[in-house]
Amino acid sequence: MQNIDTIYIDGAFVTPHGDELFELFNPATEQVIGRVRLADAQDARDAIAAAKRAFPAFSRTSKRERVDMLMRMHAAVAAKEDALYEAITEEYGAPVSRGRWMAQHAANVLLEAAKVLEDYPFTRRAGIADVVMQPLGVAGLITPWNSDAGFICGKLGAALAAGCTAVIKPSEMSAIQTHIVTEALHEAGLPAGVFNIVTGRGETVGAEISAHPDVAKLSFTGSTAVGKAILRAGAETLKRVTLELGGKSPVVVLDDANFDEVVPLAIQAGFMNSGQACIAGTRILVPQQRLAEFEARVQAEVARTQSGNPRDPQTSVGPMVSKKQWERVQRYISVGIDEGARLIAGGEGRPEGIDAGWFVRPTVFSDVTNDMVIAREEIFGPVLSIIAYRDTEEAIAIANDTPYGLQAYVFSADAKRAREVASRIEAGRVLVNTLAHEPTAPFGGFKQSGIGREYGTYGIEAFLEPKAILAAS
Ligand code: NAD
């Protein structure tokens, strides 16, 4: 049992003013593995005050000083990789390879921020003016549970690179992972108040940060519904807002695609992070004339996909993070059946032989039409929809017929043709014949998948405001 009874304010671990105790679970066993004492609105105000006090000095630090700090943070988080991996497995249930990647990713995003900062020009010329990119002030960073450490470090890295100070509100369900990251970041020895971490509920701590007049910038990753509430809360004081929200990403399989290569990639894109990924490719668009062939290959691929004990190296789909999330996914599978979609793999209930843990059967529906609930709403679990199309024009129309626009995938034997299709898809990122990641490229959504971009120079600029200085010579 882990008891986490401190939050991090003004460079120190302190007892929260809030006194609510929240249970932490191992989603693979449903056992309680810890308890966290949650922060409240008063704690959020204290953290904001600390970040506000730290801002004047921190915003004037040199680029070199901030690069050094980010490198120290990187080293400190990297040194905790094994502890973080263990916590990710225990508290979140990520399978081995995913959990290891997540633990390394948390450190890597800090290194990336340092590299981008090295080359970032804070001053430029526009005609007779000097344009200075100036940090916005105190940044409120609100993160979800599906990649706790990565989101904390990614947002913090960009905010600090820009010269902002920060108050972070992670998910209350990830308190053990957050505690390890906080210890690491503390060891990096930054000036007091530069970052503060207050684990608490969204409705209290998150809401206080979103509305507080001393917070200049909000960067949020989470659901579209909460993103809209945050945008409204921030509007009163015109906060700058970056929102990374949900997705319903299309996987466009063109009629010339080689299914030997494409089917494993499509299944990987759909079931990544146990399906709890905003970028998961959940609508697979397949040419009508090759549908039967595609379905048969998908069935064979899913039969090889193991959902179960995250510590088993053969497992690629771990449990859902919580009972609530498990029930949500089960509800969507039942809705898909009721809507008349045809199950070609998986279905309701737990995988065979498993009677505890929030495990889902990796599920694929075919005969899905794009107006069905399972094709329109984000399920956030390993449940995929195959939608047949007649020609490429229709495939593009279906791909874009969604309120979301975070990511898309295009697969074709003809790279040029695939790129042409990619150019017509409304999404912040389109992967063509690959599942590669590029940490310096912008990441974020079109439409209701969000506002603004993270990563690379785009990510740093989200925490900066241009100021033009025109002076008589
Ligand atoms: P969520 O929106 O419920 O919660 C996200 C964070 O916001 C949590 O820390 C939560 O406590 C906080 N929060 C909740 N209510 C709040 C309020 N009223 N004011 C301020 N903060 C509040 O999302 P979740 O269930 O934790 O995560 C899953 C969602 O996140 C999915 O919809 C997924 O698509 C999205 N997501 C998006 C991305 C992306 O980069 N676009 C990445 C990962 C997850």
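Laboratory data are not the source of any read-out in this text; all were calculated from the coordinates shown. Given the structure is predicted, the values throughout are model-derived calculations rather than measurements. Here Cβ is always computed from backbone atoms with ideal geometry, including for glycine, and neighbour counts include all displayed protein chains.
So here's what we get for this one:
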item	result
Loop sites in region 220-274: GluC sites (Glu not before Pro), DSSP, at most 10 other Cβ within 10 Å	E236
Linear extension gain, L238 paired with A57, 0.36 nm per residue minus alpha-carbon span	62.8 nm
Region 1-84: C-alpha gyration tensor shape, a/c 1.5 cut-off, then a/b vs b/c	oblate
Of the GluC sites (Glu not before Pro) in region 5-40, those whose Cβ has at most 16 other Cβ within 10 Å and which sit in DSSP loop	E20, E30
Sparsely packed trypsin sites (Lys or Arg not before Pro) within region 380-460, loop by DSSP, other Cβ within 10 Å at most 13	R390
Too-long pairs where the Cα-Cα distance tops 32 Å, listed order kept, from K217/K447; K323/K447; K169/K416; K63/K447	K169/K416; K63/K447
Approximate spin-label separation D130-A296, in nm, with each point projected 7 Å along Cα-to-Cβ	7.1
Karplus-derived 3J(HN,Hα), 6.51/-1.76/1.60, for each residue of region 207-216, Hz, glycine and proline x	5, 5, 5, 5, 10, 5, x, 8, 9, 8
Kirkwood-based shape ratio for region 328-473, expressed as Rg/Rh from alpha carbons	1.11
Antiparallel bridge percentage (DSSP; both residues within the chain; nearest 5)	40
A79 paired with E65, simple spin-label distance in nm, labels 7 Å along Cα-to-beta-carbon	2.3
Cα pair count fraction exceeding 35 Å, expressed as % - the chain	32
Net dipole in debye of region 250-438 [+1 Lys, Arg Cβ; -1 Asp, Glu Cβ; about Cα centre; nearest 20]	540
Estimated dipole of the chain in Debye, rounded to 20 [Cβ of Lys and Arg +1, of Asp and Glu -1, Cα centre]	1200
Tensor-based shape of region 48-91 (alpha-carbon gyration tensor, a/c under 1.5 rounded, otherwise prolate or oblate)	oblate
Per-residue HN-Hα couplings for region 122-136 [Karplus 6.51, -1.76, 1.60; θ = phi - 60°; Hz; x = Gly/Pro]	7, 10, 8, 10, 9, x, 8, 9, 8, 10, 10, 8, 10, x, 6
Contour excess over end-to-end distance, with Cα ends at A413 and A356 and 0.36 nm allotted per residue	16.2 nm
Values of log10 I(q)/I(0), in the order q = 0.10, 0.17 Å⁻¹, for region 250-438 under a Debye, Cα-only, solvent-free model	-0.36, -1.06
